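Undergrad: Handing you this structure, nothing more for now.
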Amino acid sequence: MDQTFVRENTGITADDAALLDRVQRASFQYFWDGAHPQSGLARDRSGKNADPANDLVAAGATGFGFMAILVAIERGWIERQEAIARIGTMLTALENTKRYHGVFPHFFHGADGSTIPFSMRDDGGDLVETSFLFQGLLCVRQYFATPSPDETALRKRINHLWHGVEWTAHIKHDEKVLYWHHSPRYHFARNVPIQGWNEALITYVLAAGAPRHGIDADIYHEGFAKGSQFINRRDYYGINLPLGPDYGGPLFFAHYSFCGLDPRGLSDRYADYWQQNCNHVRINYQHCVENPHGYRGYGPDSWGLTSSHGPAGYVVSSPASDFGLIAPTAALCSLPYLPDESMNAIRRFFKLPEGKIWGRFGFVDAFSQTSGWYARTYLGIDQGPIVAMIENHRTGLLWNLFMSVPEVQQGLQKLGFTSPHLANSEQAILEPMA
C-alpha cells in the first residue's frame, strides 16, 4: 500500500491512539469473526455475546465491512492474503445474490443470496444500500492495485458487479429524481424519492459517474437538491446549518456517505460539505450539553444522537426527536469533525460499567442512563462507520482510496462539485470487462 494512505495524524497522542486501536479493532471483529459463516458477508445485527440464529445479511453493512477489512490490513490485524481470500468468498456470495437491474436488496440470505423483504412492497432493489455496498467495493478495487493474478481477478469481479447496476431503472417514468426502492412485483409502490438532505449523497455521485446506465446532472439538481428538507440556512444553538431538517437530523447523515467521500474542501453550489458536517455535529453535541429534556448522563463527555436500537426497538434519534438514547457510534464517527469532544466521549464511555457498555465487538449499540437500559446488540451500519471514520481521521485511508476512483471523480465533476482530490487526481487501474 502506498504510504501516503497510512501517514498517522500527528495530533493524536499515544494514549489516544491506544484507545482508538482498541475501539477500531473490536468493531472490525464484527465483520471478521461475526460475519456470516458461509458467505463472509455482514449480518445486519448481532448479539453482545452470541450470533443471531437467522441467515440474514445486509448490503449496506457489507459495504462498510469491506472498508473495515482494508483498515485491518493496514493496522496489521490480518494478513493481505487472508483478506484476499475472505473478499473472494464475499464476492462469490454477491455474484450469487438475486439482483434487480443489478441493484441489490436491502436484506438477503447469506447462504443462497435469495431476497428477504425489508418491508411490505420492499422486496426488490434498494439503491441506497447498494450505494453503500459499492462505496466499499470501489475502495477494495483501488486498494488491491498490483498486477498480481489474484488482485487483478478481484478488480475484474468488482467491475463486473459495478458495471451491472442500472441506476436509471430507479427513475419513475420521466421524473427527475432517483427512487429508493423498486420491486419486480410492486414496482414503485413503496414510493420513496431520494431527495432532501439525508445519508444518500453517495447514491447520486455514484449514479452520475457510473460507466453504464448513469444519470444526468439534472437528476441531482432537480431531484435530491429540490427536496423540502434540503436547504436550511437557519441557526440552532447559535450554529448555522446549511442543509437538512431542523437541528440536522440523526448524525449518520454526516457519516454514511462520508466514509468514502472526503468532505474536506468538498463543495458545490449548495454547500461546503465540511462546514455542513461540522456544524451538524456541533448542533447535536450542543443539544446534549444543554440537555433541554434533563436526561441523565448527557453532557460534554457523553453525547451523540443517531439511529440505533432502543428499549422498544430501532429508533431514529436527533435533537428534534430525542428519546434519551446515546449511541456511541454517533460520537465515535464524528472524530474527524469534533476530535476533542469525540475523544472525551470515548474516554467517558470506557468509564461506564464495562459489562454493560462493552462486549465482543466493542461498545454496544446504544444506552440510556435515564432508564438504566443498555443494548445487548450491535448494528452493522453502526459498527462499520466507526472503523472507517476513525481511520479517516487518523490516516485518511478510505477518503484517499475512494476519492481516487475515476468514476467518482467523473461523477463529482458532472454534478458540479469541487474538491482538492479533483485537482490532484491520479489515474487508477481499470481493467476491461471480462
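Values in this text are rule-based calculations from the coordinates and carry no lab data. Because the structure is predicted, anything quoted here is derived from the model rather than measured. Methodologically, a virtual Cβ is constructed for each residue, glycine included, from the backbone with ideal geometry; neighbour enumeration extends over all protein chains shown.
Undergrad: Suppose the chain between residue 246 and residue 212 were pulled fully straight at 0.36 nm per residue; how much longer would it get relative to their current alpha carbon spacing?
TA: On the way: separation 34, 0.36 × 34 = 12.24 nm, distance 3.67 nm.
Working it through step by step, the gained length comes to 8.6 nm.
Undergrad: What shape does the stretch 176-237 have by the C-alpha gyration tensor, where a ≥ b ≥ c are the square roots of the eigenvalues, rounded means a/c under 1.5, and otherwise prolate means a/b greater than b/c and oblate the rest? It would help to have the intermediate numbers written out before the result.
TA: On the way: a/c = 2.49, a/b = 1.45, b/c = 1.72.
Note, shape of the stretch 176-237 comes out oblate.
Undergrad: Could I ask something else about it? Of 37, 372, 77, which is farthest along the charge dipole of the chain in the positive direction, counting Lys and Arg as +1 and Asp and Glu as -1 at C-beta?
TA: Going by the charge dipole, the pick is 372.
Undergrad: Per residue, what volume in Å³ does the convex hull of the Cα atoms of the chain enclose? Could the numbers behind the result be given before it?
TA: Numbers: hull volume 57.1 nm³, N = 434.
Convex hull of Cα atoms, per residue: 132 Å³.
Undergrad: What's the magnitude of the charge dipole for the chain around its Cα centre, counting Lys and Arg as +1 and Asp and Glu as -1 at the beta-carbon? Answer in Debye, nearest 20. List each step's numbers first, then the result.
TA: Values: 36 positive and 44 negative charges, 94 e Å.
Computed about the Cα centre, the dipole is about 460 debye.
Undergrad: Express in nm, to one decimal, how much length is gained between residue 312 and residue 148 on full extension, taking 0.36 nm for each residue of separation and deducting their alpha carbon distance.
TA: On the way: separation 164, 0.36 × 164 = 59.04 nm, distance 5.03 nm.
Stretched out fully, the residue 312 to residue 148 stretch lengthens by 54.0 nm.
Undergrad: Would you mind pulling out the separation of the Cα centroids of the stretch 341-367 and the stretch 308-335, in Å?
TA: What the calculation gives is 14 Å, centre to centre.
Undergrad: With r defined as the distance between the Cβ atoms of residue 360 and residue 156 and R0 fixed at 45 Å, what FRET efficiency is calculated, to the nearest 0.05? Before the final figure, lay out the partial values.
TA: Details: r = 35 Å, r/R0 = 0.79.
It comes to 0.80.
Undergrad: Starting from the Cα of residue 351, step 7 Å toward the Cβ, then list every residue of the stretch 290-305 with an amide N under 13 Å from that point.
TA: 297-303
Undergrad: Assign unit charges at the C-beta atoms only (+1 for Lys and Arg, -1 for Asp and Glu), then state the dipole size of the stretch 134-247 relative to its Cα centre in Debye, rounded to the nearest 20. Could the numbers behind the result be given before it?
TA: Numbers: 12 positive and 11 negative charges, 52 e Å.
Dipole magnitude for the stretch 134-247 comes out near 260 debye.
Undergrad: Using the Karplus curve 6.51 cos²θ - 1.76 cosθ + 1.60 with θ = phi - 60°, what ³J(HN,Hα) values do you get for each residue of the stretch 90-105, in whole Hz, with x for Gly and Pro?
TA: These are the phi-based 3J(HN,Hα) values: 5, 5, 4, 5, 5, 5, 8, 7, 5, 10, 10, 6, x, 8, 7, x Hz.
Undergrad: Short version: ³J(HN,Hα) in whole Hz for each residue of the stretch 244-257, in order, from phi by Karplus 6.51 cos²θ - 1.76 cosθ + 1.60 (θ = phi - 60°), x for Gly and Pro, what are they?
TA: x, x, 3, 6, x, x, x, 6, 5, 4, 8, 10, 4, 6
Undergrad: Something else about it: From the square roots a ≥ b ≥ c of the eigenvalues of the alpha-carbon gyration tensor of the stretch 43-192, which class results: rounded (a/c under 1.5), prolate (a/b over b/c), or oblate? Don't jump to the answer; show the numbers that get you there.
TA: On the way: a/c = 2.28, a/b = 1.46, b/c = 1.56.
Here the stretch 43-192 falls in the oblate category.
Undergrad: Using the basic label-point model (7 angstrom from Cα toward the beta carbon), what is the residue 222 to residue 269 distance in nanometres?
TA: Rounded to a tenth, the inter-label distance reads 1.3 nm.
Undergrad: Per DSSP H run of at least 4 residues, take -39500 (n - 2.57); add these up for the chain, divide by its residues and hand me the 222 nm value, nearest 500 deg cm²/dmol. Before the final figure, lay out the partial values.
TA: Numbers: 15 runs with 176 residues, N = 434.
The helix-only estimate for the chain comes to -12500 deg cm²/dmol at 222 nm.
Undergrad: Where in the chain is the longest stretch that carries no GluC sites (Glu not before Pro) classed as loop by DSSP and with at most 14 other Cβ atoms within 10 Å? Write out the running numbers ahead of the final one.
TA: Working: sites that count: 8, 79, 175, 426.
That would be 176-425.
Undergrad: Output the relative contact order of the chain, whole-number percent, from Cα pairs under 8 angstrom with separation of 6+ residues.
TA: Numbers: 867 pairs, mean separation 84.4, N = 434.
Computed over the chain, the figure is 19 percent.
Undergrad: Please give the contour-minus-distance gain from residue 320 to residue 53: 0.36 nm per residue of separation, less the Cα-Cα distance, rounded to one decimal in nm. If you can, show how the numbers build up before the last one.
TA: Values: separation 267, 0.36 × 267 = 96.12 nm, distance 3.54 nm.
The span from residue 320 to residue 53 would gain 92.6 nm if fully extended.
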